[in-house]
Amino acid sequence: TEQVHRIQAGQVIVDLCSVAKELVENSIDAGATAIEVRFKNQGLDSIEVQDNGSGIAPHNYESVALKHYTSKLSSYDDLSELQTFGFRGEALSSLCALSRVSIVTCTQQEAPRATRLEFEASGKLKGTSVVSGQRGTTVVVEDLFRNLPVRRRELERNIKREWGKVINLLNQYACVQTGVKFTVSQQPTKGKRMVLFSTKGNPSTRENIINVFGVKTMNALVAMDLKLELIPTAGPLSKGKARADGSSTEVRILGHVSRPSHGEGRQTPDRQMFYINGRPCGLPQFAKVFNEVYRSYNAAQSPFIFADIQLDTRLYDVNVSPDKRTILLHDQGQMLDNLRESLIELFETQDV
Ligand code: ADP
Ligand code: MG
């Protein structure tokens, strides 16, 4: 029923960040090389994500916003090898239950003829109309939580914090996605639209960081490419596709971190970005190791961190919670011990 759908939807879309995350990930999944996120009134009025990706094919118009519809998963076995962010088919369906959703979309074949889709709260297609447009998709989400009054009031009351969080999350996608032009803008209820930050479709994360945080920040960083050798213990790698020779498995940590010698002032937590295989995620245990090692050289400050942890998909599970924020890492203790040693080694070879 409607009520049940709404309650379940509220577990997928919990705040402003979930909306931005789901829409941006859909754009990335669609192969976009340009993504524009536009807020009105910090998202309280609307959040709009426009991309130049594949577009939605006409035969999918009826189903895209239905619960559990996804075009990304052909069989359950695919799950461990999945390359896309999405596969549950819950985001659009949940957004329909919690806000007013409209989509303008256009595939290569249809251009310059785009189609505007409107949906009912159930996710059922309400109507279509033809508009002009280029290849890609624009999703507009208006009046988030309009039918969950308590949640809506909560959002309005905490908007300052929520806004900080959502910009932080978008910074993270913009920094990690190479070859994607990211633009984020905001328009107050009364006033002009302002671009908050943008990247230029750069080939490297280095240039992305310069675009987002400035060249001064970048100059204070040192490139990091740590290789952690894990000794297989009981768990996912000891069975199934595990290597028969029992050789260790490599975890790579790629990115940029503050040079301890460089006095750049105290970094705030929004400048500590962690990813697993390019997927932004909070990793407090990893942050703790970075901060501790860094402070043993430079006690007064905390480092800027951009760290993408690249590892075998069997070594972690992102699918433990519906919003995919909780990540379970296999043998985290061993990773953290190795990280500590490698970081010390990295800093030792710097001019500390
Ligand atoms: P999921 O991402 O898990 O498949 P969603 O509810 O996020 O589920 O999206 C449902 C479907 O809508 C996707 O599988 C995809 O086919 C289509 N879709 C959503 N957003 C876009 C987009 N920006 N570009 C192209 N197709 C999209
Ligand atoms: Mg999705």
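Under the definition of Cα pairs under 8 Å and six or more residues apart, what whole-number percent is the relative contact order of the chain?
On the way: 675 pairs, mean separation 50.3, N = 352.
Relative contact order here is 14 percent.
Got a sec? How would MET273, MET218, MET194 order by Cβ neighbour count within 10 Å, fewest to most?
Details: MET273 28, MET218 18, MET194 10.
Ranked by crowding around the Cβ, least crowded first: MET194, MET218, MET273.
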Two-decimal log10 I(q)/I(0) for the chain, as the Debye equation yields it once each C-alpha is a single scatterer, q = 0.12 Å⁻¹: -0.95
Nearest-ten-degree value, helix 284-295 long axis tilted from longest Cα axis of the chain: 40
Table column - 3J(HN,Hα) (Hz), the range 218-223, Karplus curve with 6.51, -1.76, 1.60, x for Gly and Pro: 4, 5, 8, 9, 10, 5
Computed P(r) (all Cα pairs; the range 2-205; 10 Å bins; percent): 9, 35, 39, 17, 1, 0
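Taken together, the values in this text are just the output of simple stated rules run on the coordinates, not laboratory data. Since the model is a prediction, treat every value here as computed from it, not as a measurement. Here Cβ is always computed from backbone atoms with ideal geometry, including for glycine, and neighbour counts include all displayed protein chains.
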